[in-house]
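These notes are about the structure you will find just below.
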Amino acid sequence: MRVLTALSRRYLVRHGDYEVDDDPGRVDHDVVWDFLSTEAYWGRTRTRADVEAQLRGAWRVVGAYRRDTGAMVGFARAVGDGVNFAYLADVFVLPSARGAGLGKALVAGILDGSPVHMRWTLFTDDAHGLYRRFGFVEPDHTAMVRPPHS
């Protein structure tokens with residue numbers, strides 16, 4: 001059973017030759033694994049079992065799919081409690097589908113309908129401009145981070 005306390009409805013948006021959908025059953029785990037394990041600077045330390053556990057435990061997932069073939073070309077994942085806190089992770093668009101605005105569409109799909117008082121966090125090394133469009137800013141004095149241990 002999938003519980004999405006604040007986001008129980010289905011999100012499906014047509015975006016040009018693509019559609020953005022929050023149905024976890026559509027997520028192609030092989031595409032997520034292939035990208036995170038080979039292309040994503042942030043995902044290469046994970047095992048396949050780690051990625052599978054993260055997909056199972058996600059509060060919300062959104063995928064981008066070609067409308068003609070249904071092939072998955074982008075992905076975003078959120079972890080959270082559905083009420084006050086969420087972490088945005090693993091946002092990517094395959095190189096073959098870049099330039100169509102799918103990164104923005106994926107982030108919009110993840111954020112759509114979330115409670116207005118929800119505090120979102122994320123980490124990025126190279127996409128600050130994308131996330132600023134959605135109201136993300138550098139943390140204030142109330143935020144602290146415990147980095148991973150070496």
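The values are calculated or read from the model by the stated rules, or taken from the named source; none is laboratory data. Since we're looking at a predicted model, the values are computed, not measured. Every residue, glycine among them, receives a Cβ derived from its backbone with ideal geometry; neighbour counts consider all protein chains shown. For the accessible areas, the whole protein counts, side chains as well, though only heavy atoms, and no ligand, DNA or RNA atoms are used. Shrake-Rupley method; radii C 1.70, N 1.55, O 1.52, S 1.80 Å.
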Test: residue in region 97-104 that is farther than 24 Å from Arg132 by Cβ, touching a residue at least 40 places away in the same chain (Cβ under 8 Å) and outside any loop (DSSP other than H, G, I, E, B): no
Residue satisfying all of: in region 23-54; more than 21 Å from Phe123 (Cα to Cα) and without any contact (Cβ under 8 Å) to a residue 12 or more places away in the chain; surrounded by the most Cβ atoms within 10 Å (Cβ to Cβ) among these: Asp30
Output for region 55-70, where each listed residue is within 22 Å of Arg14 (Cβ to Cβ) and either among the β-branched types (Val, Ile, Thr) or surrounded by 14 or more Cβ atoms within 10 Å (Cβ to Cβ) (or both): Arg60, Val61, Val62, Gly63, Ala64, Tyr65, Arg66, Thr69
Those residues of region 71-99 which are small (Gly, Ala, Ser) and open to solvent by less than 40 Å² (accessible area, probe 1.4 Å), in sequence order: Gly74, Ala76, Ala78, Gly80, Gly82, Ala86, Ala89, Ala97
Unique residue being of a type in the set (A, V, I, L, M, F, W, C), modelled with pLDDT of 95 or more, more than 13 Å from the chain's Cα centre (by Cα) and closer than 19 Å to Asp112 by Cβ when the list is Ala100, Ala53, Ala49: Ala100
Residue list for region 105-150, filter: among the hydrophobic types (A, V, I, L, M, F, W, C), in a loop (DSSP other than H, G, I, E, B) and either in contact with a Pro (Cβ under 7 Å, 6 or more places away or on another chain) or farther than 23 Å from Tyr41 by Cβ (or both): Val116, Met118, Met144
